[in-house]
1. Name the single residue that is farthest from LYS22 (Cα to Cα) among those in segment 36-74 being part of a loop (DSSP other than H, G, I, E, B) and of a type outside the set (Asp, Glu).
2. Out of curiosity, is SER121 among the hydroxyl-bearing types (Ser, Thr, Tyr), out of contact with any Lys or Arg (no Cβ under 9 Å at 6 or more places or on another chain) and either over 26 Å from ASN40 (Cα atoms) or without any contact (Cβ under 8 Å) to a residue 12 or more places away in the chain (or both)?
3. Can you find a residue that is in a helix (DSSP H, G or I) and in contact (Cβ under 8 Å) with a residue 60 or more places away in the chain anywhere in segment 142-156?
4. Take segment 132-148 and flag every residue that is over 15 Å from the mean Cα position of the chain (by Cα) and surrounded by fewer than 19 Cβ atoms within 10 Å (Cβ to Cβ).
5. Among residues belonging to segment 170-201 that are assigned to a loop (DSSP other than H, G, I, E, B) and among the aliphatic types (A, V, I, L, M), point out the one that is modelled with the lowest pLDDT.
6. Quick one: which of LEU78, LEU99 is within 16 Å of the ligand (Cβ to nearest atom), outside any strand (DSSP E or B) and closer than 27 Å to GLN142 by Cα?
7. Mind checking which residues of segment 340-354 are within 37 Å of the chain's Cα centre (by Cα) and of a type in the set (S, T, N, Q)?
Amino acid sequence: MNKLNGSGLMNTDRRQLIDSAKLIVIKIGSGVLAGVDGLNQPALRRLGRQISAIRESGRQVVVVSSGAIASGLQPLGLTRMPKTIVDKQAAAAVGQQVLMNAWANVFRKSQIAVGQVLLTSDDLDHRSRYLNARHTLVSLLQRGVIPIINENDSVSFEEIKMGDNDHLSALVTTLISANLLVMLTNVDGLRRGGANGDLIEIVQAADHVDEHVSGSKSATGVGGMATKLQAARLVGRSGIPAIIANGSRTNVLKDILSGKNVGTYFEPKASRLDVRRRWIATATRPRGKILVDDGAQAAIASRQASLLPSGITQVEGHFSAGAVVRICDRKGVPFARGLVSYTSDETRRVMGHNSKEIPEILGYRYLDEIIHRNDLVLDGD
Ligand code: GLU
């Protein structure tokens, strides 16, 4: 077996995790599903048949499907991917329904309904919308529907754009606590030293793999290998394995799930994070920074303590209560994230003071902690 480094993972671990995976997220890249002349119908049918078979075997599947922009090119008379965001949005608006119709057709034969779920990073950034998205997906799955997810390209703008569906698929995987993320693309997996080296079959949690990334993308693809590695790392942090494999390979999904060594498998970390902290660690964009003194840093880093006002030396940015912020050492280097119980303005007013003084300074007190230890995640977790 071609591991990146020498020792560690037994093949049986991979086998066991895949065998027991009851809920699987399958991300299919634009390069697999579509070219500049539209959707690749044989590829859709081939993958659709395999996904139906996975469902029949008693597993649940969520599909993250790219290809909206590519599907909109021809109807708009375009012959290549548009450069500007607004043209891509127009193409996605036209193409998304072409894409959904195609998936609905493919699964109609197996009498499986599909449900369209379009998300932006903003949706997953807010705890209430995040939970709503989860409830919708769980409800669809309970009703036997296959959710087909894409980024809501026509409303995404730079600030809230995820940029590519690799990241989206990783967020969805942690959102619904799936047991496996499969990213299908138009290469076989990660190759040693870039595009032409041997295929690396297993990447262990501690391996550094960035040097094996080469920059090429397909004519319709967006992310490339770098964003797939980030996605694999992100789900790995939550204890979920990921596989990058070639979506054009015959029986690719069937072979993966029957335990064959297809593509590159990313071993997950043993996760210490509960669902709420997973969200803090992965799904959110920090809204500001809180700098702390050495004593507070040591107490937080040893996982013993909450962040109290007395340890805070500086507050940067403008945030509301309930936002996620970065916690930094006194030089501003981040080492943790957490959910604040006070606004940036309130935090500035009480910083450096004992918690007992909060009512006197603010006229009220919600909690003694600016960030409670249950709402804190260390960067290495
Ligand atoms: N959301 C885009 C689309 O459906 C694709 C993004 C990607 O391929 O990563 O066309």
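The values are calculated or read from the model by the stated rules, or taken from the named source; none is laboratory data. Note that the structure is predicted; figures quoted are calculated from it, not measured. Quick reminder, even Gly has a Cβ in these numbers, built from the backbone with ideal geometry, and neighbours come from all protein chains shown.
1. Selected residue: GLN74.
2. no
3. no
4. Passing the criteria: ASN132, HIS135, THR136, VAL138, SER139, LEU141, GLN142, ARG143, GLY144, VAL145.
5. Only one residue fits best here, namely ALA195.
6. LEU99
7. Within segment 340-354, SER341, THR343, SER344, THR347 qualify.
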